[in-house]
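Engineer: Quick one: the structure is below, questions incoming.
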Amino acid sequence: MKLIVVNKMLEQKHRDRIRQVASELGVDAVFYEDEADIPQSDYDADIIYGFAPSITRTSRTLKWLCVPWAGVDSLMAPGYFANEDCLLTNSAGAFGVAIAEHMIAVALMMMRSMDVFLEGRRECRWLPPLPQRSLKDSRITVLGTGDIGTSFARRARAFEPRRIVGVCRSGKNGDPSYDEVLPVDRLDEILPGTDLLAMSLPSTAETKGILSRGRISLLPEGAYIINVGRGSVIDEAALADGLESSHLAGAALDVFQTEPLPADSPLWKTKNLLITPHVSGIMMLPYTRDRNVDLFLEDLHNYIEGNPLRGLVDRKLGY
């Protein structure tokens, strides 16, 4: 059985560990920095850990693709897999720490006007004190209570908010960080009492445009929005209008409907909007890389032993 690993973010210790575990399981592991480096002779791989669409689209013998990220909407297009029976797993569970820290960082930046002070620093201006807000006593709604949303909720809890309400498809999550967890059909009910809306949703038919113009208007004046899931979940024009009118106090977007964000996008000049280039969850943190490999090797054991894969994606649901 042949395994191809295509991930230039891995360190030598990760390659050594994958090679050792694979050998113990009777799997031949081959490593490449980039898809372009893979010779045609290795297109017969049984397993890929990484990204190699030239193989997935042509190989009818590929049995399992594990991608080292969480979102898989780009892999749902018809024809992406030549072998429609190929298993697909993601690395959900590896990015909660990194993305939750990003969410806390941008929440504090917005509430403490740090972006304004940084601009003043670049212009060598000593600015007067600016209005300040706090996570303490804030009403936080977490839309999407998976690994990322719940990792954020756990960290936000330390700031003593008034309450943290989770909203998800099932309406169920037993993590004690939440004061309450509601199903998505009650979202309109909770938005008027939300000071900070933290979004970490996948891109599916159900989530597309979920934060519509109407729902943005339900948020109270002075609310903040963070989105680290997928850009398709927000009406970007409505968000920009909400910021420009000062109905919203601020927003922080790490994901967009079009990426890279075009240079002529009006979002670049929208006031009180923090923009980061889809970097909250990449494999830059050592912990993230370690955890990513841990999850893959756990499922490699599962695959060889015939057990269910922990990270298996339901292609009908899209996650």
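Engineer: Tell me whether region 11-31 contains one or more residues that are modelled with pLDDT under 95 and either crowded, with 20+ Cβ neighbours inside 10 Å or within 21 Å of Gly306 (Cα to Cα) (or both).
Structural biologist: Looking for residues that are modelled with pLDDT under 95 and either crowded, with 20+ Cβ neighbours inside 10 Å or within 21 Å of Gly306 (Cα to Cα) (or both), one finds none in region 11-31, hence no.
Engineer: Additional query: Could you tell me how many of the residues in region 108-123 are buried (at least 20 other Cβ atoms within 10 Å of the Cβ) and in contact with a helix residue (DSSP H, G or I) (Cβ under 8 Å, 6 or more places away or on another chain)?
Structural biologist: Residues meeting the conditions: 0.
Engineer: Something else about it: Hey, among the residues in region 254-272 that are open to solvent by less than 50 Å² (accessible area, probe 1.4 Å) and of a type in the set (Ser, Thr, Tyr), which one's nearest to Glu244 (Cα to Cα)?
Structural biologist: If we take residues in region 254-272 being open to solvent by less than 50 Å² (accessible area, probe 1.4 Å) and of a type in the set (Ser, Thr, Tyr), then Thr270 is nearest to Glu244 (Cα to Cα).
Engineer: Follow-up question, since we're still on this one. Would you point out which residue out of His278, His247 is open to solvent by 30 Å² or more (accessible area, probe 1.4 Å) and over 21 Å from the mean Cα position of the chain (by Cα)?
Structural biologist: Selected residue: His247, the only one of His278, His247 that is open to solvent by 30 Å² or more (accessible area, probe 1.4 Å) and over 21 Å from the mean Cα position of the chain (by Cα).
Engineer: Step by step: first the residues of region 166-183, then only those that are more than 19 Å from the chain's Cα centre (by Cα) and within 24 Å of Pro220 (Cα to Cα), then the one that is surrounded by the most Cβ atoms within 10 Å (Cβ to Cβ). Which residue is that?
Structural biologist: Top of the filtered list is Tyr178.
Engineer: Take the residues of region 132-149 that are part of a loop (DSSP other than H, G, I, E, B) and in contact with a strand residue (DSSP E or B) (Cβ under 9 Å, 6 or more places away or on another chain): which is most open to solvent (accessible area, probe 1.4 Å)?
Structural biologist: The residue in question is Arg133.
Engineer: What pairs come out if I take residues in region 1-24 that are within 14 Å of Leu295 (Cβ to Cβ) and pair them with residues that are assigned to a helix (DSSP H, G or I) and open to solvent by 60 Å² or more (accessible area, probe 1.4 Å) whose C-beta lies under 8 Å away, six or more apart or interchain?
Structural biologist: Filtered contacts from region 1-24: Val21/His301.
Engineer: Taking the options Asp179, Asp147, Asp137, name whichever one is modelled with pLDDT of 95 or more and out of contact with any Lys or Arg (no Cβ under 9 Å at 6 or more places or on another chain).
Structural biologist: Asp147
Engineer: So for region 96-104 (the condition being over 30 Å from Leu130 (Cα atoms) and in contact with a Phe, Trp or Tyr (Cβ under 7 Å, 6 or more places away or on another chain)), does at least one residue qualify?
Structural biologist: Checked region 96-104: at least one residue is over 30 Å from Leu130 (Cα atoms) and in contact with a Phe, Trp or Tyr (Cβ under 7 Å, 6 or more places away or on another chain).
Engineer: So which pairs qualify, if the first residue must be in region 280-303 and in contact (Cβ under 8 Å) with a residue 60 or more places away in the chain, the second must be among the aliphatic types (A, V, I, L, M) and open to solvent by 50 Å² or more (accessible area, probe 1.4 Å), the Cβ gap must be under 7 Å, and the two must be at least 6 apart or on different chains?
Structural biologist: Between residues of region 280-303 that are in contact (Cβ under 8 Å) with a residue 60 or more places away in the chain and residues that are among the aliphatic types (A, V, I, L, M) and open to solvent by 50 Å² or more (accessible area, probe 1.4 Å), the close pairs are Met283/Met9; Arg289/Met9.
Residue-wise test of (1) farther than 15 Å from Met1 by Cβ; (2) in contact with a helix residue (DSSP H, G or I) (Cβ under 7 Å, 6 or more places away or on another chain); (3) modelled with pLDDT of 95 or more.
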residue: Gly50; (1), (2), (3): yes, no, yes
residue: Leu65; (1), (2), (3): no, yes, yes
residue: Pro78; (1), (2), (3): yes, no, no
residue: Gly93; (1), (2), (3): yes, yes, yes
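Engineer: Next question, about the same structure. Considering each residue of region 91-106, count those that are part of a helix (DSSP H, G or I) and either within 19 Å of Tyr319 (Cα to Cα) or of a type in the set (Asp, Glu) (or both), and give that number.
Structural biologist: Initial filter on region 91-106 (part of a helix (DSSP H, G or I)): 96-106.
Filter once more, so that each one left must be either within 19 Å of Tyr319 (Cα to Cα) or of a type in the set (Asp, Glu) (or both): 96, 99, 101.
Summing the residues that are part of a helix (DSSP H, G or I) and either within 19 Å of Tyr319 (Cα to Cα) or of a type in the set (Asp, Glu) (or both) in region 91-106 gives 3.
Engineer: Additional query: Is it the case that region 195-205 has a residue that's open to solvent by 70 Å² or more (accessible area, probe 1.4 Å) and not acidic (Asp, Glu)?
Structural biologist: For region 195-205, residues open to solvent by 70 Å² or more (accessible area, probe 1.4 Å) and not acidic (Asp, Glu): present.
Engineer: Here is a follow-up. Looking at (1) free of Cβ contacts under 8 Å to residues at least 40 places away in the same chain; (2) open to solvent by less than 60 Å² (accessible area, probe 1.4 Å); (3) farther than 17 Å from Leu143 by Cα, which one does Gly231 not meet, given that it meets all the others?
Structural biologist: If we test Gly231 against (1) free of Cβ contacts under 8 Å to residues at least 40 places away in the same chain; (2) open to solvent by less than 60 Å² (accessible area, probe 1.4 Å); (3) farther than 17 Å from Leu143 by Cα, just (3) comes out false.
Engineer: Give the residues of region 281-301 that are open to solvent by less than 60 Å² (accessible area, probe 1.4 Å), of a type outside the set (Asp, Glu) and more than 30 Å from Arg133 (Cα to Cα), sorted by residue number.
Structural biologist: Passing the criteria: Met283, Thr288, Arg289, Asn292, Val293, Leu295, Phe296, Leu297, Leu300.
The values are calculated or read from the model by the stated rules, or taken from the named source; none is laboratory data. Quick caveat, the model's predicted, so the values are computed rather than measured. Note that we place each Cβ from the backbone using ideal geometry, even for glycine, and neighbour counts take in every protein chain shown. Remember, those area values only see protein heavy atoms, side chains included, never the ligands or the DNA or RNA. Shrake-Rupley method; radii C 1.70, N 1.55, O 1.52, S 1.80 Å.
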